[in-house]
Amino acid sequence: METDIIQNLALGFSTAVSPINLFYCFIGVLVGTLIGVLPGIGPVAAVAMLLPLTFNLDAVGAIIMLSGIYYGTQYGGSTTAILVNLPGESASVVTCMDGYAMARIGRAGPALAIAAIGSFFAGTVGTILVALVGPPLAEIALKFGAPEYFSLMVMALIAAAVLAHGGMLKTICMIVLGLLVGIVGTDVNSGMSRFTFGASGLADGLSFVVVAMGLFGFAEILSNLQDKADTASRDILNQKITGLMPTAKDMKDSFGAILRGTAIGAFFGTLPGGGPTISAFSAYAVEKKMAKNPENFGKGDIRGVAAPESANNAAVQCAFITTLTLGIPHGATMALLLGALTIQGIAPGPQVMTQRPDLFWGLIASMWIGNAMLVILNLPLVGLWIKLLKVPYRFLYPAIMVFMAIGVYSVNNLDLDIYMTILFGILGYIFMKLKCEPAPLILAFVLGPLMEENLRRALLISRGDPTVFITRPISAAFLVATALLLAFMIVPSFRKKREEAVAESATL
Amino acid sequence: MKIKNQEDFWAGMMFAGFGALAIWLSTDYPMGTASRMGPGYFPTWLGAIMLLLGTIVAVMALKTEGPKVTPFAWKPMILLSAGFLAFGWGVDHIGFIPALFLLSVITAAAGQTFKVVEVLIMTVVLIAGAVGIFIYGIELPFPLFWWR
Amino acid sequence: MSMNNKIAGVVAGALLVAAGLMPASGLAQYPTKPVRLIVAFPAGGSTDIIARLVAQRLGEKLGQQVIVDNRGGAGGTIGTEIAAKATPDGHTLTMGTTSTHVIAPAAYAKVNYDPVKDFEPITLVASTPYLLVLHPGVKANNLKEFVALAKSQPGKLNYASAGTGSTTQLAMEMLNRAAGMDIVHIPYSGNGPAGAAALGGQVQALFGSMPAVLPHAQAGRLRPIAVGTSKRSPALPNVPTVAESGYPGFEVSLWLGFFAPKGTPKAVLSRLQKELVAIANSPDMAAQFEKNGASAVTNTPAEMTALMKTELDKYGKVIKAAGIQLK
C-alpha cells in the first residue's frame, strides 16, 4: 500500500515537474492572485474568464494552470478580506473578522503571512490525504442523503452562534435573518419565486457577492467616513505598521490553530455542498471556544486568521477528491474545472485513476506545487500589499467603491445587483450601529437554501415521515452533537447570569 | 417609558419587523403541511421565530442598562448610495467610462475634503486603471461609451 | 437663447457628433464592430462552454471579435429577453437552447419574449442526448423490467432531476405518462447533485444529461437502460433507445442553436448561417463537442422554426399534465 502511494506520487511529480508545467503553474498562481484581489471577482469568475487560455494547452498543463488560478484567486480573496474587509467568497468572511482587525492595528503583514503559511500547511496535509484515502473517503460522501445534510446544516448553524461577540439572542436572530435572505429566489421544490417582488433579476436568488460587498465593504466605508469626519486625511490604520512577518510568538500561537483548522477542513471538505464555508466557520468557533482569552477574538487575534484559512484550504483540497473520483462537482468552481477536463477529453469519474494515472497523480502533485508556489509568490508580495494601506483614505475609499461596483456588476451584468448592494450596505451599517455581527448571517445565507432544500427533500423521499432524521445513524449523530453544542452554550450563560444576580444582591 | 438599552431595543424592533414582513410576504405562498411542505412553510416559521426573538430582545432592552445608538452619517450614506445608483444606471445607458466618472466623483464628495483638481486626477487614474484591467485585461463585455 | 435652449443645443450637437461617429449599419461592412453573443446561462456551464468554443471560431471567420456576454438567471429567460430586445443589426446574437426557446416559454407563467415571433433562427450547432440510468441496486436490467417493477409498486420509486421544469424532469414525466408509471419526482439543484443522488442510491432512477451520467455508466456505477434520442448513441452502442424499447416516437434531447433578434437583415443572417454551419461541421469542432457530450447538428432557419413549434406543443402537453407552473 505505502509503496504504491510513493510510486504513484513519484509518477505524479515526474509528470508535473517539467519546466513548462512549473511555468504554467506560476502564471496561473500569479494571474489568479492578481485577479483574486479585485473585489467581487472570485475563483468562479476568474477560472471562467481564463478557461479559453487553456484550450490550446495539453491536458496536464491546462489543469495545472487552472488549479494555479484557483489557488491564486482564493488567496487573493483572503488578501482583500484582510486589507480592506472585502470577502471574496463565503469562506473568507471569517477571515475578515480578525484579519481586518489585525490590519487596523498595523499587523496586516503577519495576518497575510500566516494565511499563506496556514494554507500551505493545510494544502500539504490535504494533498497527502487525497493521495492516501481519497477514493474511500469519497465513498462516504455518497452515503450522505438529504436527512444527513439537513442535520449537518443545523449543527453548523448552531455552531455559528458561538461566533457571536454580542448576545446570543441577537446572533440567533441574525442567523434566522440570513436564512430568510437565502430564501429569496426560485424555490427548488416548487419552482415558485419567493421574496423577489416580481424582479426577474432576483429569480436565482441574491448572489453572495452582493450580500458580502454590501454588509462588509460598503458598510465599512460608511462607518470609516463617519469615524474620520474630523481628520479627513487619516488612513485606514489606527496604529503604525509593526513588522511584515509573524513573530515567534505568532507562530507558536498559530501552530495549534493551523493543525485543528486543517483537521476540520479535511473532514468537512469531502462533503459536497458548503464544505469550505462550514469548515472556516467551525474552525473559528473551535479556536474561540478553546482559547483562554476568547475576548481577543474579533479584535485581531492571529488564531482567528490561521484557523479558518487553513480549514478553508484543506477543505478545498479535499473537495478535489469527490470532484475527481466521483465526477461530482462541489460547487461552481469545481464544475468549471470538470468542464475544463472534459474539454481536454478526460471524463472525470472513477475511471480517471485507472485510465489516466499520469493525469490523476500529476494533478495531485501539481496541487501541492501550486500551494508551494503560492507561498513563494505571496510572502514577498506582502510588503507590496501593505503599501496599499498607506494610501490616504480619501483616495483609497473611492477606489474600493469603483472596484466593488465593477465586481458586483460583472457577476451577472445586472444593474439590479448594484442597487441591492446599496440596500445591504445600508443594512450592514445599521447592523454596526446596533452591534449585530454580520458573519453568522452570511453563513446562514449560504447554507439556508441547502438546508430548506434538504429538509423538504428528506420528507419528500420519506413520504412525510419525520423520524428519518433520527433513524439514520449519521443524521442522528449530527443532531446529538447539535444538542451537546446547545447545552455547552446555554449552561455557561445561565451560570454567568446567576453569578451576576448573586453579585447584584450582594451589593444591594 | 425610558429605553435603557437603545442598541438592543432597536435591534429587537428591527428583527421583529423583518419577522413580521417575512410572515406577511409568505401568505402569498402555499403553506402545505409539515410532512409535505409548500413553499410558504419554511419562511413563515422563520418569520415567526424572528418576530418572537426580536420582541424578546426589545423587551429585555427596556430593563437592562446599555449603550446608546450613535448618530447616523447621513451625508456619506446618501452620497455613496447615489454613486452606486449612478454607476448601475449609467453602465447600461451612458457607458462604462461616464458611469465610472460619476461614481468616482460622487463618492469622493462623501469625504470631508473635496479638492476639484485632486478628485479629477484621481478619477482619471481610476478610470484608466479600470479600463486597462477590466476591458483590456479580462475582457468584460461593457460598452465604453453610449455609442458602444 | 435661454439656458434650456442652450442645453438642448449642446445635447443635439453632441448627438449629431455621436451619430456621425457611429458606424452605419448595413451589410457592406458587416461586422463593423465586435459581435456580442448573449449566453443566458452563467459562465462555465455546458451551454457557455459550447458558446465560447463556437464564438472564438466565428470571430476568426468574421474578422471581428465575438464577445460572450453571460446574462444568466431565471432559467435563461433574462438573457434571452435582452437578446430579443437588442438592436437587430447582426451585432447581437444569442445562443438559444431547448430551455430558453421551448421549456421556459411553456413552463413560466410569464415570459417577456416569444421564442418564434421575436427571433430570427440561424442554425442549430449542437445537441446533447439524455440517458436513463438506474442505481445498480435496482432489480431491472432493461426498460421493460423497470416499467414492470415501477408498476408493481406505484408511488414507491423516486427519480432525481436537475430541478423543477428541467429537461431531466420533463423526460421522465413523459416516460411516466407513456408507460403508465408513477415514479415520484425529487428535484435537485443541478445535474451534479442529481447524479450524486443516483450514485448514492438516494433515488432509483435519473434521466440524466449524457455528459453528466456517461462516465458513471461506463464505470458500472450506474446502469444505463435507455437513451432518449431517436438513434442509439455511438458512446453506448449496446443501450437501446426508449423508442425501440416499446415507446415509439419518444425523443428528448437538448439542442443549442444561434438566434438573432427579429428584423436582422437577411444578408447578415445568411452569412452567419453559412459560417456557423461550416464551423459546427468542421472535424475539430465536432471533436470538441464530442468531448462535452454533445454532437454537432446543423439545419436551416425554416427547420428550426418547425422544430420549435413541434417541441412547444410536445413539452407544453407534458408541462400541463404534470402540473408544472413556474412563477
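The values are calculated or read from the model by the stated rules, or taken from the named source; none is laboratory data. This structure is a prediction, so every number in the text was calculated from the model and none was measured. Positions of Cβ are backbone-derived with ideal geometry, glycine not excepted, and every protein chain shown enters the neighbour counts.
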Query raised in the report: For region B:63-85, what are the residues that are more than 7 Å from chain A (Cβ to nearest Cβ) and touching a residue at least 40 places away in the same chain (Cβ under 8 Å)?
Result: B:K63, B:T64, B:E65, B:G66, B:P67, B:K68
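So that you can scan it fast, the table gives a plain yes or no per residue for (1) of a type in the set (S, T, N, Q); (2) closer than 21 Å to B:G17 by Cβ; (3) crowded, with 18+ Cβ neighbours inside 10 Å; (4) touching a Cys at 6+ places or on another chain (Cβ under 8 Å):
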residue: B:M31; (1), (2), (3), (4): no, no, no, no
residue: B:G38; (1), (2), (3), (4): no, no, yes, no
residue: B:G54; (1), (2), (3), (4): no, yes, yes, yes
residue: B:V59; (1), (2), (3), (4): no, yes, no, no
residue: B:E65; (1), (2), (3), (4): no, no, no, no
residue: B:F96; (1), (2), (3), (4): no, no, yes, no
Query raised in the report: Going by the structure shown, is C:Y159 closer than 25 Å to A:P136 by Cα and within 12 Å of chain A (Cβ to nearest Cβ)?
Result: no
Report task. Please enumerate the residues belonging to region C:67-82 that are under 24 Å from C:Y30 (Cβ atoms) and out of contact with any Pro (no Cβ under 7 Å at 6 or more places or on another chain). Result -> C:V68, C:R71, C:G79, C:T80, C:I82
Requested in this report: Could you list, in sequence order, all residues of region A:286-311 that are aliphatic (A, V, I, L, M) and surrounded by fewer than 24 Cβ atoms within 10 Å (Cβ to Cβ)?
Outcome: A:V286, A:M290, A:A291
Report summary line: Of (1) among the hydroxyl-bearing types (S, T, Y); (2) at pLDDT below 80; (3) surrounded by 24 or more Cβ atoms within 10 Å (Cβ to Cβ), A:T325 satisfies every one except (3)
Query raised in the report: Hey, among A:L379, A:L374, which residue is surrounded by 23 or more Cβ atoms within 10 Å (Cβ to Cβ) and either modelled with pLDDT of 80 or more or within 14 Å of chain B (Cβ to nearest Cβ) (or both)?
Result: A:L374
Query raised in the report: Which members of region C:49-79 meet the condition of being more than 7 Å from every other protein chain (Cβ to nearest Cβ) and either on the phi > 0 side of the Ramachandran plot or touching a Phe, Trp or Tyr at 6+ places or on another chain (Cβ under 6 Å) (or both)?
Result: C:G63, C:G75, C:G76
Query raised in the report: Considering C:V252, C:V227, C:V242, which residue is closer than 30 Å to A:N189 by Cα, away from chain A (no Cβ under 13 Å) and in contact with a Pro (Cβ under 7 Å, 6 or more places away or on another chain)?
Result: C:V227
Query raised in the report: How about region B:86-121: which of its residues are under 22 Å from B:W146 (Cα atoms), free of Cβ contacts under 8 Å to residues at least 24 places away in the same chain and more than 7 Å from chain A (Cβ to nearest Cβ)?
Result: B:A86, B:G90, B:A99, B:L102, B:V105, B:L120
Report task. Look through B:I133, B:I121 and report the one residue that is crowded, with 16+ Cβ neighbours inside 10 Å, hydrophobic (A, V, I, L, M, F, W, C), part of a helix (DSSP H, G or I) and more than 24 Å from the chain's Cα centre (by Cα). Result -> B:I133
Query raised in the report: Would you say C:E311 is in a helix (DSSP H, G or I) and surrounded by fewer than 19 Cβ atoms within 10 Å (Cβ to Cβ)?
Result: no
Report summary line: All conditions in (1) at pLDDT below 85; (2) more than 25 Å from A:Y409 (Cα to Cα) are true of C:T77 except (2)
Report task. Mind listing whichever residues of region A:69-94 are part of a helix (DSSP H, G or I) and either under 10 Å from the mean Cα position of the chain (by Cα) or surrounded by fewer than 24 Cβ atoms within 10 Å (Cβ to Cβ) (or both)? Result -> A:Q74, A:G77, A:S78, A:L83, A:S92, A:V93, A:V94
Query raised in the report: Do you know which residues across region C:69-85 are more than 16 Å from the chain's Cα centre (by Cα) and over 21 Å from C:M304 (Cα atoms)?
Result: C:D69
Report task. With respect to B:F101, determine if the residue is farther than 17 Å from B:I135 by Cα and of a type outside the set (K, R). Result -> no
Query raised in the report: Would you call A:I64 part of a loop (DSSP other than H, G, I, E, B) and crowded, with 23+ Cβ neighbours inside 10 Å?
Result: no
**Report entry** Failed item in (1) part of a helix (DSSP H, G or I); (2) among the hydroxyl-bearing types (S, T, Y); (3) touching a strand residue (DSSP E or B) at 6+ places or on another chain (Cβ under 9 Å), with B:Y29 passing the rest
**Finding:** (1)
Query raised in the report: Has region B:54-62 got at least one residue that is within 29 Å of A:R194 (Cα to Cα), outside any helix (DSSP H, G or I), within 10 Å of chain A (Cβ to nearest Cβ) and β-branched (V, I, T)?
Result: no
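Which of the residues belonging to region A:406-431 are touching a Ser or Thr at 6+ places or on another chain (Cβ under 8 Å) and either outside any helix (DSSP H, G or I) or at pLDDT 90 or above (or both)?
Passing the criteria: A:D417, A:I422, A:G425, A:I426, A:Y429.
This table checks each residue for (1) modelled with pLDDT of 85 or more; (2) more than 7 Å from every other protein chain (Cβ to nearest Cβ); (3) over 22 Å from B:G54 (Cβ atoms).
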| site | (1), (2), (3) |
| --- | --- |
| A:V162 | no, yes, no |
| A:I183 | yes, no, no |
| A:T186 | no, yes, yes |
| A:A199 | no, yes, yes |
Report task. Kindly check whether there is at least one residue in region B:5-25 that is more than 7 Å from chain A (Cβ to nearest Cβ), farther than 30 Å from A:I418 by Cβ, loosely packed, with under 15 Cβ neighbours inside 10 Å and at pLDDT 90 or above. Result -> no
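What residue, of B:S81, B:S26, is polar (S, T, N, Q) and assigned by TED's automatic domain parsing to the domain that holds B:F101?
Being polar (S, T, N, Q) and assigned by TED's automatic domain parsing to the domain that holds B:F101 holds for just one of B:S81, B:S26, which is B:S81.
Results for (1) in contact (Cβ under 8 Å) with a residue 60 or more places away in the chain; (2) in contact with an Asp or Glu (Cβ under 9 Å, 6 or more places away or on another chain); (3) part of a helix (DSSP H, G or I); (4) surrounded by fewer than 23 Cβ atoms within 10 Å (Cβ to Cβ), shown as yes or no for each residue.
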| residue | (1), (2), (3), (4) |
| --- | --- |
| A:Y149 | yes, yes, yes, no |
| A:V154 | yes, no, yes, yes |
| A:A161 | yes, no, yes, yes |
| A:C173 | yes, no, yes, no |
| A:V176 | yes, no, yes, no |
| A:L179 | yes, yes, yes, no |
| A:F197 | no, no, no, yes |
| A:V209 | yes, yes, yes, no |
| A:L215 | yes, no, yes, no |
Query - Residue ID - farthest from C:K274 (Cα to Cα), chosen from residues in region C:289-304 that are part of a helix (DSSP H, G or I) and within 15 Å of the chain's Cα centre (by Cα) - result: C:F289
Requested in this report: Restricting attention to region C:31-46, report how many residues are at pLDDT below 85, crowded, with 20+ Cβ neighbours inside 10 Å and more than 11 Å from chain A (Cβ to nearest Cβ).
Outcome: 1
